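Below: one structure, written as structure tokens.
The values are calculated or read from the model by the stated rules, or taken from the named source; none is laboratory data. All figures in this text were calculated on a predicted structure; none of them were measured in a lab. Cβ coordinates were reconstructed from backbone atoms using ideal geometry, including for glycine residues, and neighbour counts include every protein chain displayed.
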């Protein structure tokens with residue numbers, strides 16, 4: 001006979017209802033054989049599954065646990081290596097990003113310091129397009145570069161579809 005008070009304390013169950021549900025599950029799972037005495041608030045145990053382990057079984061369990069520990073250490077080492085790789089990639093990425101941002105800042109300062117030295121794209125295209133021929137070095141047919149004037153004046157370079 002085991003009083004409910006002992007079971008509640010040892011099993012760390014909050015209420016009598018939870019304790020009774022747990023005992024009923026154990027009976028149905030054939031872990032214990034017994035009866036609940038709700039009037040006397042106790043469990044009458046007639047029998048239970050043994051937990052004894054034969055001596056031969058301990059070596060098998062020890063080997064299995066050792067293999068499991070080795071696997072865990074191997075996985076942990078692999079994870080640590082991946083963390084180092086990811087950390088290095090992140091460092092490289094941040095370094096490259098910083099370099100790009102520095103170059104962008106340098107270019108902006110250069111543009112702000114001397115805005116007249118930079119030609120607008122429109123004039124560059126006009127200079128290259130006026131009289132300049134573009135083609136392959138193999139004697140292919142020569143074509144002129146279109147100027148940006150056609151775009152800036154609202155003209156459509158592509159004829160409308162009908």
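Give the number of residues within segment 32-60 that are surrounded by 12 or more Cβ atoms within 10 Å (Cβ to Cβ) and part of a loop (DSSP other than H, G, I, E, B).
Matching residues across segment 32-60 total 1.
On the given criteria, is residue 123 surrounded by 10 or more Cβ atoms within 10 Å (Cβ to Cβ) and modelled with pLDDT of 95 or more?
In short, no.
Would you point out which residue out of 55, 23, 83 is in contact with a strand residue (DSSP E or B) (Cβ under 8 Å, 6 or more places away or on another chain), without any contact (Cβ under 8 Å) to a residue 60 or more places away in the chain and at negative phi?
Going through 55, 23, 83 in turn, the sole match is 23.
Which condition does residue 78 not pass, out of (1) modelled with pLDDT of 95 or more; (2) touching a helix residue (DSSP H, G or I) at 6+ places or on another chain (Cβ under 9 Å), if it passes all the others?
Among (1) modelled with pLDDT of 95 or more; (2) touching a helix residue (DSSP H, G or I) at 6+ places or on another chain (Cβ under 9 Å), residue 78 violates only (2).
Return the residues of segment 24-61 that are under 23 Å from residue 5 (Cα atoms) and in contact with a helix residue (DSSP H, G or I) (Cβ under 8 Å, 6 or more places away or on another chain); say none if nothing qualifies.
If the condition is that a residue be under 23 Å from residue 5 (Cα atoms) and in contact with a helix residue (DSSP H, G or I) (Cβ under 8 Å, 6 or more places away or on another chain), then 32, 33, 34, 36, 38, 41, 42, 43 are the ones that fit.
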